[in-house]
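The structure appears below as structure tokens.
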Amino acid sequence: MIRSAITDGVIRHLLDEEDPRLRNFRLCNACGSCTPYCPARINNPGANGDRGYLARKVTAALQAGGRPGVDLADCVQCYSCETICPRSVSVGGIINAVYETERLQPIFRRMLLDRGGLPPRAFLPLYVERGNLRKFVAKAIRYPYPVDGRAVDEVRRLLLHPIDASAFSAPGHSPLREPLARPDRVFHLNSCCAFNYPGADLSQKMILAALGIRYETSAMQTCCGGAPHYMGGAGFADRLLLTARNLSVIHDAFEPGARIAVTGICPTCSDSYATALDMLSRNANREVVNEELARIGREVTEPGAFTVANVLDLYPLYLDEIRRLVRRRLSGLRVGVHVSCHYRKMSGTFAVPPGLQALTVATGARITKSVMEHYCCGGVKNLFDRLQKGRPRELSRLNRLVYQDFMNNRLDVMVVDCPGCELVYDHMGVPVLHITELLALAMGADPRETVCVQGHLTALSPALERTGIL
């Protein structure tokens, strides 16, 4: 009863605050459009014979002033429901707004204040539980991904004066973006999750250089705040301010008037920046953000100068060049491909996009079609939830589905576009490579120095030895 009273108080607080994720929930008419597209399968299509079951359980509870009657931990923050909804109702946004507010230990926000991002020690329990402390230490020493102390100070000054989400107006459905042009220069984002797979980051830089694309980085760039809902404490307004601050940092690295393509190995970063640019395209939102940024001497003046160049959009533009750069065809490798929820949501399509498949085929690897292409990996949030509950080895329903499919198809490796998905597969015992790592191997990269296969939790050596890479 006490917990229910607290939870109902949380709901009333969010409704009173007018968080943009809850603002239009009354527009939901339970049409059922979102339910079949939930990659986490929170409610199976046709549950109880009702296609609108997922949305109605959430929005009807809010209308009654109560907590949504679903397991909030199941939602993996992809926001596919928002993208498909004809009225832009974000069922996933509602679920995660409640989930974030219920968390009593805002661990992630404290990390942002202390380090400006997700530090390596946040991942330490995963390595300890798997008996891989030595791998953790090796990465922490060799690939520290430091953030400039001035940047941490800016983040601290921003977040110590939080603003309500009600200060922003939701943009509704995003306008169609212009097709990405082939850039000759990009800003390469440092992803928090890159600590786990430094080979994905090093491979990305190798590929950019091989394609003749110059890349800029900056120690003043911090976390975008986009992913770690599972740690609580970094809400909608925080994430928008963090990403806007980084856009200012990125803008400083280029000459005035330049078109700026922002890329990286993480689709959650891509999604955060794409969402922020949509929000900042409205003058009212930009004024609120710039009023806050002014306190640290920053400003976002030209959101239209930026484009988001996710690797699955960028590299297919250079597919012919990539084929010519292949030095080592991976023809003996049987792989499955898994496109992340966050990329599929950002791209606005719920079919499996062709980019990952086309890039994988270019290496010579043989793709086996499987259900893993269509489902969520199980989610990093759920991985940490199980760890905190003392059940780290337990597999979720989605984990079991994708693991069994991997085994049934007798695959060698999973290929993913997301370091978060890579962490989930790797932790459940599935050999996995980020698409940048696969491409780099095909281009002749050193599997240990560049791709850093020795840092993976699940051994890649059996598959790579069989194909002559190791």
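The values are calculated or read from the model by the stated rules, or taken from the named source; none is laboratory data. No experiment lies behind these values; they were computed from the predicted model shown. Counting neighbours? That spans all protein chains shown, and the Cβs are built from the backbone with ideal geometry, glycine included. For accessibility, only protein heavy atoms count, side chains too; no ligands or nucleic acids. Shrake-Rupley method; radii C 1.70, N 1.55, O 1.52, S 1.80 Å.
Scanning the stretch 280-310 for residues that are acidic (D, E) and without any contact (Cβ under 8 Å) to a residue 60 or more places away in the chain turns up E287, E291, E299, E302.
Just to verify a result, which residue in the stretch 122-137, among those that are at pLDDT below 90 and not hydrophobic (A, V, I, L, M, F, W, C), is surrounded by the most Cβ atoms within 10 Å (Cβ to Cβ)? I'd like the intermediate steps shown before the answer.
Looking only at the stretch 122-137, we keep the residues that are at pLDDT below 90, and these are 122-132.
Retained after the next criterion (residues that are not hydrophobic (A, V, I, L, M, F, W, C)): 125, 127, 129-132.
Details: P125: 14, Y127: 20, E129: 14, R130: 17, G131: 9, N132: 15.
Per the criteria, the residue is Y127.
Here P144 fulfils each of the conditions (1) assigned to a helix (DSSP H, G or I); (2) open to solvent by less than 70 Å² (accessible area, probe 1.4 Å) apart from (1). Contact map, the stretch 430-453: first residue at positive phi, second residue of a type in the set (A, V, I, L, M) and open to solvent by 10 Å² or more (accessible area, probe 1.4 Å), Cβ cut-off under 8 Å, separation 6 or more or different chains; pairs are C452/L202.
Considering the stretch 383-470, the qualifying helices (runs of 4 or more DSSP H), each wholly inside and each with 3 or more residues that are closer than 16 Å to N196 by Cβ, run over 419-427, 435-442.
Does the stretch 148-158 contain any residue that is farther than 27 Å from E291 by Cβ and either modelled with pLDDT under 75 or not in a helix (DSSP H, G or I) (or both)? There is no residue in the stretch 148-158 that is farther than 27 Å from E291 by Cβ and either modelled with pLDDT under 75 or not in a helix (DSSP H, G or I) (or both). Per this entry, V335 is not counted among residues that are more than 18 Å from the chain's Cα centre (by Cα), modelled with pLDDT of 95 or more and closer than 22 Å to M443 by Cβ.
The set of residues in the stretch 321-338 being assigned to a helix (DSSP H, G or I) and either open to solvent by less than 10 Å² (accessible area, probe 1.4 Å) or not acidic (D, E) (or both) consists of I322, R323, R324, L325. Just one of the listed residues (V415, V402) is open to solvent by less than 10 Å² (accessible area, probe 1.4 Å) and at pLDDT below 90, namely V402.
If the condition is being within 17 Å of P183 (Cβ to Cβ) and either basic (K, R) or outside any strand (DSSP E or B) (or both), then the stretch 247-268 contributes L247, I250, H251, A253, F254, E255, G257, A258, R259, G264, I265.
If you go through the stretch 345-382 and pick out every residue that is open to solvent by less than 20 Å² (accessible area, probe 1.4 Å), at pLDDT 75 or above and in a helix (DSSP H, G or I), you end up with 5. Picking from residues in the stretch 290-320 that are outside any loop (DSSP other than H, G, I, E, B), open to solvent by 50 Å² or more (accessible area, probe 1.4 Å) and among the acidic types (D, E), the one that is nearest to G264 (Cα to Cα) is D313. Would you confirm, using the coordinates I've provided, whether E287 is under 30 Å from R121 (Cα atoms), surrounded by fewer than 18 Cβ atoms within 10 Å (Cβ to Cβ) and either in contact with a strand residue (DSSP E or B) (Cβ under 9 Å, 6 or more places away or on another chain) or modelled with pLDDT under 95 (or both)? When the stated conditions are applied, E287 does not pass them. For P462, indicate whether it is surrounded by fewer than 24 Cβ atoms within 10 Å (Cβ to Cβ), modelled with pLDDT of 85 or more and not β-branched (V, I, T). Yes; evaluated as a whole, the condition is true for this residue.
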